[in-house]
Amino acid sequence: MTSPNGHGVAFPPDFLWGAATAAYQIEGGATEGGRTPSIWDTFSRTPGKVKGGETGDVACDHFHRSSDDVKLMADLGLKSYRFSLAWPRIQPDGRGPANEAGLDFYRRLVDDLLAHGIEPWVTLYHWDLPQALEDEGGWPARDTAGRFAEYAEIAHRALGDRVRYWTTLNEPWCSAFLGYGSGVHAPGRSNGADALRAAHHLMLGHGLAVQAMRAAQPDHQLGITVNLYAISPETDSPADADAARRIDALANRVFLDPVLRGQYPADLIEDVREVTDFGHVREGDLAIISTPLSVLGINYYSRYVVGAPDGESTGPYWRAPSNWPGSESVRFGSRGLPVTDMNWEIDAPGLVEVLERVHREYPAIPIYITENGSAFVDKVVDGQVDDPERVAYFDAHLRACSDAIEAGVPLRGYFAWSLMDNFEWAWGYSKRFGMVYVDYDSQVRIPKSSAKWYAEVIRRNGLSPSGSEGQERAQ
């Protein structure tokens with residue numbers, strides 16, 4: 001919304017400003033404190049799976065440097081910090097009693113955050129399934145949903161007296177379709193039916209976890225985070241429109257409809273009928289999956305432009321046909337917009353479309369942007385890192401957030417991705433998303449100009465007319 005004095009954009013007084021990370025991407029300490037391997041430990045050690053053969057064994061060494069990292073967050077003025085717990089650090093075998101040494105690490109982190117006035121926001125699962133559970137079938141196996149609920153109870157019991165905000169799953173699409181569809185993410189399996197079963201059991205585990213946590217603390221803010229896309233047909237032809245419908249079903253509605261409506265989209269079921277008969281969905285599952293939530297987290301990075309089959313798709317790895325069971329022939333295109341270092345087109349208006357669509361088509365629920373950010377090639381020059389492209393990206397997307405709020409979307413907060421450079425999954429350390437530069441050899445942290453810009457946005461709770469806040473401080 002425009003500020004009362006006509007200068008720039010002001011956000012609601014209680015808007016929650018934060019930054020986000022994920023355990024395997026930053027923690028390191030892979031074999032310390034009782035932690036056992038996750039599927040990402042195994043995957044990253046498999047030749048050819050991760051660029052440069054790199055692993056998260058050390059990452060940003062946050063396991064040993066969390067206190068200094070929290071001080072850095074406080075210096076930036078963060079109001080909240082969204083981080084994930086490493087399941088194999090807390091429950092090494094994916095079942096059984098808690099590993100108290102692992103819980104103690106998170107207890108210290110939460111206490112440190114609170115001491116600095118930063119609201120902790122816990123994500124229970126950011127893709128690091130204990131390898132022991134993958135060996136038993138992983139997410140395509142129904143039992144994993146029950147194991148996840150038990151793990152959620154353990155974590156919530158340990159931290160729930162100090163943590164009010166809880167996200168069950170981060171981007172279950174990636175866990176299911178990149179992990180079990182194309183296999184470009186851990187655990188590296190490639191089977192369309194398994195991907196759809198994994199998606200269902202992830203949501204089932206989510207619902208069971210929400211029920212368990214709500215029974216313990218009815219006033220806690222409980223939600224799930226889904227990665228959503230604005231989706232456009234390449235042309236106005238009926239064939240391209242059908243391609244867009246198919247990808248929307250597999251990218252967006254496959255999670256939104258079960259979680260918020262208690263049903264699968266009928267067109268999705270028809271599209272995948274040759275892949276699965278949905279026999280893995282049992283009576284009562286959808287009632288559990290649609291257990292009412294307090295909040296919905298949305299991660300947004302770009303738009304999909306799709307068309308009917310006509311040659312090969314181009315672009316990032318998630319466009320691989322095996323990520324789209326039943327719609328493998330759909331072609332992904334481009335608008336010819338500027339791209340980030342991930343080759344993702346920069347499309348801030350798509351964020352408004354996503355937010356307005358969720359608000360218009362689904363039951364009312366408070367929304368948070370739980371991830372939004374960009375990778376660019378960052379370099380240290382005279383001890384500083386200037387990243388004007390990232391500043392421009394954040395500015396455009398925050399203005400999109402403001403537009404959505406003006407349109408009536410109940411958007412309550414924004415978490416920049418990411419606090420610091422980190423292990424970017426199959427890309428290893430070759431891509432930098434952070435507002436803080438990390439020298440992986442020395443572990444020195446250098447706040448980039450985007451960090452200083454964001455700190456000023458938080459301080460003023462808004463944006464200047466030109467998007468130049470903090471530029472003097474960033475120089």
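The values are calculated or read from the model by the stated rules, or taken from the named source; none is laboratory data. This structure is a prediction, so every number in the text was calculated from the model and none was measured. Cβ: placed from backbone, ideal geometry, glycine included. Neighbour counts: every protein chain shown. Areas reflect the complete protein model, heavy atoms only, side chains present, ligands, DNA and RNA absent. Shrake-Rupley method; radii C 1.70, N 1.55, O 1.52, S 1.80 Å.
Observations on the model:
- The criterion of being at pLDDT 95 or above, crowded, with 22+ Cβ neighbours inside 10 Å and either over 24 Å from the mean Cα position of the chain (by Cα) or more than 24 Å from Trp344 (Cα to Cα) (or both) holds for Val457.
- If only residues of segment 136-149 that are without any contact (Cβ under 8 Å) to a residue 60 or more places away in the chain and on the phi < 0 side of the Ramachandran plot are counted, the one that is surrounded by the most Cβ atoms within 10 Å (Cβ to Cβ) is Arg147.
- Flag if Gly428 is open to solvent by less than 60 Å² (accessible area, probe 1.4 Å) and either β-branched (Val, Ile, Thr) or touching a strand residue (DSSP E or B) at 6+ places or on another chain (Cβ under 8 Å) (or both): no
- Residue in segment 212-220 that is of a type outside the set (Ser, Thr, Tyr), within 24 Å of Gly307 (Cβ to Cβ), open to solvent by 10 Å² or more (accessible area, probe 1.4 Å) and in a helix (DSSP H, G or I) present: no
- Taking segment 282-320 as the range and being small (Gly, Ala, Ser), farther than 18 Å from Pro172 by Cβ, open to solvent by 30 Å² or more (accessible area, probe 1.4 Å) and at pLDDT 95 or above as the test, the residues that pass are Gly284, Ala287.
- Considering residues of segment 171-193 that are surrounded by fewer than 24 Cβ atoms within 10 Å (Cβ to Cβ) and part of a helix (DSSP H, G or I) only, the residue nearest to the chain's Cα centre (by Cα): Cys174
- If the condition is being among the acidic types (Asp, Glu), part of a loop (DSSP other than H, G, I, E, B) and surrounded by fewer than 20 Cβ atoms within 10 Å (Cβ to Cβ), then segment 221-243 contributes only Asp236.
- Residue match in segment 321-329 (condition: open to solvent by 30 Å² or more (accessible area, probe 1.4 Å), touching a strand residue (DSSP E or B) at 6+ places or on another chain (Cβ under 8 Å) and modelled with pLDDT of 85 or more): no
- Against the test of being under 26 Å from Ala22 (Cβ atoms) and open to solvent by 20 Å² or more (accessible area, probe 1.4 Å), the options Ile405, Ile446 yield a single qualifying residue, Ile446.
- Only a single item in (1) closer than 15 Å to Met435 by Cβ; (2) open to solvent by less than 10 Å² (accessible area, probe 1.4 Å) is not met by Gln384, and it is number (2).
- Per-region count, segment 351-395, residues among the aliphatic types (A, V, I, L, M), closer than 23 Å to Thr340 by Cα and either in contact with a strand residue (DSSP E or B) (Cβ under 7 Å, 6 or more places away or on another chain) or in a helix (DSSP H, G or I) (or both): 9
- Applying a threshold of 6 Å to beta carbon distances and a minimum spacing of six or more residues, or different chains, the list of pairs starting in segment 46-66 at a residue that is touching a residue at least 40 places away in the same chain (Cβ under 8 Å) and more than 19 Å from Gln131 (Cα to Cα) and ending at one that is of a type in the set (A, V, I, L, M, F, W, C) and open to solvent by 30 Å² or more (accessible area, probe 1.4 Å) reads Lys51/Trp427.
- Exclusive hit being within 21 Å of the chain's Cα centre (by Cα) and open to solvent by less than 10 Å² (accessible area, probe 1.4 Å), set Leu124, Leu133, Leu103: Leu124
- Within segment 158-167, one or more residues are of a type outside the set (Asp, Glu), open to solvent by less than 20 Å² (accessible area, probe 1.4 Å) and closer than 16 Å to Val259 by Cβ.
- The lone exception for Gly52 - which of (1) surrounded by 18 or more Cβ atoms within 10 Å (Cβ to Cβ); (2) out of contact with any helix residue (DSSP H, G or I) (no Cβ under 7 Å at 6 or more places or on another chain) it fails: (1)
- Of all residues in segment 244-268, those satisfying the criterion of being open to solvent by less than 50 Å² (accessible area, probe 1.4 Å) and either part of a loop (DSSP other than H, G, I, E, B) or farther than 17 Å from Arg357 by Cα (or both) are Gly262, Tyr264, Pro265, Asp267, Leu268.
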